[in-house]
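J.: Here it is: the structure, laid out below.
The values are calculated or read from the model by the stated rules, or taken from the named source; none is laboratory data. It should be emphasised that the depicted structure is a prediction, and the values quoted were computed from it without experimental measurement. As a convention, Cβ positions derive from the backbone with ideal geometry for all residues, glycine included, and neighbour counts pool all protein chains shown. Only protein heavy atoms, including side chains, enter the accessible area calculation; ligands, DNA and RNA are left aside. Shrake-Rupley method; radii C 1.70, N 1.55, O 1.52, S 1.80 Å.
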Amino acid sequence: LMDLPACELHTLGEIADLVTAARLSSTCKEKLALALKNEAYIPKLLQLFQVCESAKNTEGLHLLFDIVRGILYLDKDILFEVMFSDECILSVAGCLEYDPCLAQPGRHRESLAKTAKLQDVIPIRNPELRQKIRQTSRAQYIQAIIMPNTTDFEESFLSTLNSFISSSREQILHGLQKDEEFLPEVFAQLTNEATASEQRCGLMKFFKEFCAFSLMLPEKRDEFLQTLTKLGFLPTLKILMGMDDLQVRSAAIDILSYLVEFSPAMVQEFVMQEARQSENDSQLIIEVIEQIICNPNPEFGGDNQLMEILCALIDPGKMLAIASNLEIFEFLDIFYYRYIHVLTAPLLAHASEEWYEIVHYLFFVQLKALFFLIDNYQAAEILASVLELLSFCVERHKYHMKIYIIKNDLLRRTLVLMKSKHKFLALCALRLMRRIIGLKDDLYNHYIAVGNLFEPVVNAVLDNRNGCNLLKSALMELFEFICLKDIRFLIAHIVENFSDALESVKYIHTFQGLKKKYEQEKDRQKEKLN
């Protein structure tokens, strides 16, 4: 075995050098780990930590940080059992607070104590299982502290610690699945109005981790999903998504995202069943849409996750796994009859001069007038999200979306946003029109021409003629596409109505190409007549 220096204050520098040097050789790591274990050396070091902290010995505390981190970097199971034990964990976390690179010490002990307090609310009767959960949580926290930049270390760095955590999680999962009362009790506490806010947050955080790990294990996934279905978890999740607590709501959205990723059929089947059986407003798909259009902080990206969820739920291609073509068509009938107006409400309200006329069917969506202002950045972000979803619908729901757009004159209302000072919002409006024209549908083209819907687009071209930006490029691409695909009906409409206005942008060859195509078509028509 390796000889260790006496564990005293004046030898801390020597101990730190020894631990650092041992990491260079696998043999030295093994010998040092055995020596630390056999001589009960770690508890002695942690006693010195108490002495240094009481005496405010900064040099000693910095050395102890290097020593404790170095011992963890040895990556040995026999040491983890000691360091993550009830007797040692707080002192280990305390040593890691005194990183010489930080201006102020960390607050790891406070975080661990808070986590332990939240874990006490988890309804687990088996004391061994509760202890395993506590130990695993500590290991994960310490791993997050000490894990360096992975680019500086080999892929196998801390592989034993990773395996230790993974193995502990599997033991916890197995133990919880054996307890038939665990999940029903968790669901009951989460939805009980009498449950304290802090307690609900702790339960939700634990359950989110439990779901994430259960779904990542292929051999356990199906069994776990069957259990959730049997217990009616999706109605519970819907309630949690509607709660005022931001942390609970965020965790519920994360869980729904996991379910959509690993078992989209399960969620789609629930959504389709709700659509067929209920006409009330408390449905999962309405909850998702409301979360998108009522998000107070869309710039933080939460709406992107919700948009992905909604797209997955209304994608006909993904529904084929659980439903026939007829059933999918019936679901889309319900979606466009009952749900789509909730999604388009901000757009329709913003485009309307008297937006209060449409608020009567938004009694369940509490939107304020400020939301609809074109120059409000948050409103612009949400409107952009709505337009992205509508572009998705144009491509995936060709029949239903075409009827909805023409019936509600949706494109005209959308193109009002071309005047927005937020260029990203103007781009989203233009992208919707580009998707529609990309379908090369005669009915759409007729709708655009009769409604003179190129006028706001041409105005945008004139406003941006001297600029060099993404919007200008997107505008040019739209006209180039029409010219390249030889969409004659639109070419004739553009040339006959806007050729004079576009004379000022002669230097752009696209418009000259449109005019040339138009003249060629006229010549062909004359030849036919002759």
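J.: For the pairs K208/K230; K402/K472; K440/K526; K485/K528; K56/K208, note any where the Cα-Cα span goes beyond 30 Å.
T.: Beyond 30 Å between Cα atoms: K56/K208.
J.: I'd like the accessible area for S282, computed on protein heavy atoms only with a 1.4 Å probe and all protein chains in place. Round to 10 Å², please.
T.: Ignoring ligands and nucleic acids, S282 comes out at about 70 Å².
J.: Something else about it: Considering the Cα positions of the stretch 42-112, please state its Rg to one decimal place and its Dmax as a whole number of Å.
T.: Here Rg and the maximum Cα pair distance are 11.5, 33 Å.
J.: For the chain, I need the span (max minus min coordinate) of the C-alpha atoms along each principal axis, in Å, sorted largest to smallest.
T.: 109, 55, 41
J.: Turning to a different aspect of this structure: What's the longest bit of the chain with no exposed GluC sites (Glu not before Pro), using DSSP loop states and at most 15 other Cβ atoms within 10 Å as the test?
T.: For GluC sites (Glu not before Pro) (loop position, at most 15 other Cβ atoms within 10 Å), the longest site-free span of the chain is 355-530.
J.: Can you tell me the relative contact order of the stretch 1-152? Whole percent, Cα pairs under 8 Å, sequence separation 6 or more.
T.: 20 percent
J.: Based on the Cβ-Cβ distance from E480 to M243, what FRET efficiency comes out when R0 is 45 Å, to the nearest 0.05?
T.: According to the calculation, E is roughly 0.35.
J.: While we're on this one: Once the Cβ-Cβ distance between Q273 and K440 is put in as r, and R0 is 35 Å, what FRET efficiency do you end up with, to the nearest 0.05?
T.: Computed FRET efficiency for Q273 and K440 comes out at 0.45.
J.: Can you give me the solvent accessible area of D500 with a 1.4 Å probe, rounded to the nearest 10 Å²?
T.: For D500, the solvent-accessible surface is approximately 130 Å².
J.: Send over a whole-number figure in Å² for the accessible area per residue of the chain, probe 1.4 Å.
T.: 50 Å²
J.: Straight-line reach from K318: which lysines have a Cα under 19 Å away, not including same-chain ones fewer than 8 places off?
T.: The reachable lysines, counting only those whose Cα sits under 19 Å from K318, are K398.
J.: Right, here's the next one. Summarise the accessible area of the chain (1.4 Å probe, protein heavy atoms) by the percent that is carbon and sulfur.
T.: On the chain, the fraction of accessible area on carbon and sulfur atoms equals 51 percent.
J.: Mind listing P(r) for the stretch 440-529? All alpha-carbon pairs, 10 Å bins, whole percents.
T.: Here the calculated profile for the stretch 440-529 is 16, 50, 29, 5, 1.
J.: Can you list the aspartates and glutamates whose alpha carbon is less than 17 Å from that of K44, not counting same-chain residues fewer than 8 positions off?
T.: D3, E8, E14, E53, D66, E81, D86, E87
J.: At 222 nm, what helix-only mean residue ellipticity would the chain give, in deg cm²/dmol to the nearest 500, using -39500 (n - 2.57) for each DSSP H run of four or more?
T.: Result for the chain, helices only: -22000 deg cm²/dmol.
J.: Tell me the relative contact order for the chain as a rounded percent, counting alpha carbon contacts under 8 Å between residues six or more apart.
T.: 7 percent
J.: If you don't mind, there's one more thing I want to ask. Excluding the sites themselves, what is the longest stretch of the chain that contains no trypsin sites (Lys or Arg not before Pro) in a DSSP loop with at most 15 other C-beta atoms within 10 Å?
T.: My reading of the result: 126-367 is the longest stretch.
J.: Quick one: if you stick a label point 7 Å off each Cα along the C-beta vector at D86 and K407, how many nm between them?
T.: Those two pseudo-labels are separated by 6.6 nm.
J.: Then there's this: Which is the longest stretch in the chain that no exposed loop site breaks, taking sites as chymotrypsin sites (Phe, Trp or Tyr not before Pro) with a DSSP loop state and at most 13 other Cβ atoms within 10 Å?
T.: Counting only loop sites that pass the neighbour cut-off, the longest clear stretch is 154-362.
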